[in-house]
């Protein structure tokens, strides 16, 4: 079978690995991870990519995304069916299921998560593509203190930097999800260093590629994946299903 896989940059190394082992023909499209910062506004940019792939002779368009803060809610299948995991975010996908993520979360509140992709591609500044950068706050939440001071002055720049990084005060630990890709060791070291810098406890858990493997191998059981038929739209729903199609 022939698939188009549109996936978040955070899964770059993982998708390369599972696609290399898949028996199917898969065209990968890597979308910069900064897109998630747009929240629900990420939908229109993903829809453009889906529409561009529609009619390309694919048996399905695979989405390497979860509900993602409702950023995938409202996505519409054209002539080609869509397939995506029934999960809230990438953490659950890397942990293998929503249940596995929640079980860990309940015992580890106040934890910040990292993975090889989050480490590797965040170091590039998580800058948005020019095509949609203008939709993001012009202040630039990912800018360094020096960049903000140069643009807004010492006092205002320091204030903005503090506001953009205030979320870190609510965390007490950092959990690194190891996925076994080539960049794992270097990413682990950077994650540990980040935890030490912030004064957070560091913990590592073994992730799994099982859901990504099943996504690209056409193993779409109803409990783990939503298959969106042509003409239908993704909708967020209550309960373990997380998403359905209307």
(request) Give 67, 62, 94, 82 a once-over and let me know the one that is within 13 Å of the chain's Cα centre (by Cα), under 17 Å from residue 223 (Cα atoms) and modelled with pLDDT of 95 or more. (result) 94
(message) Being modelled with pLDDT under 90 and under 30 Å from residue 229 (Cβ atoms) narrows it down to one residue among 131, 158; which is it?
(response) 131
(request) Go through 113, 101 for me and flag whichever is in a helix (DSSP H, G or I), buried (at least 19 other Cβ atoms within 10 Å of the Cβ) and in contact with a helix residue (DSSP H, G or I) (Cβ under 9 Å, 6 or more places away or on another chain). (result) 101
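If you take the residues of segment 199-209 that are free of Cβ contacts under 8 Å to residues at least 40 places away in the same chain and either surrounded by 13 or more Cβ atoms within 10 Å (Cβ to Cβ) or assigned to a strand (DSSP E or B) (or both), which of them is farthest from the chain's Cα centre (by Cα)?
At the first step, the residues of segment 199-209 found to be free of Cβ contacts under 8 Å to residues at least 40 places away in the same chain are 199, 201-202, 204, 206.
Filter once more, keeping what is either surrounded by 13 or more Cβ atoms within 10 Å (Cβ to Cβ) or assigned to a strand (DSSP E or B) (or both): 201-202, 204, 206.
On the way: 201: 24, 202: 22, 204: 19, 206: 18 Å.
Per the stated criteria, the residue is 201.
For residue 187, state whether it is crowded, with 17+ Cβ neighbours inside 10 Å and at pLDDT 70 or above.
Details: crowded, with 17+ Cβ neighbours inside 10 Å: yes; at pLDDT 70 or above: yes.
Against the criterion (crowded, with 17+ Cβ neighbours inside 10 Å and at pLDDT 70 or above), residue 187 qualifies.
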(message) For the list (1) part of a helix (DSSP H, G or I); (2) closer than 18 Å to residue 229 by Cα; (3) touching a residue at least 60 places away in the same chain (Cβ under 8 Å), I need the number of the one condition that residue 51 fails.
(response) (3)
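The values are calculated or read from the model by the stated rules, or taken from the named source; none is laboratory data. This structure is a prediction, so every number in the text was calculated from the model and none was measured. Note: ideal-geometry Cβ built from the backbone for every residue, glycine included; neighbour counts use all protein chains shown.
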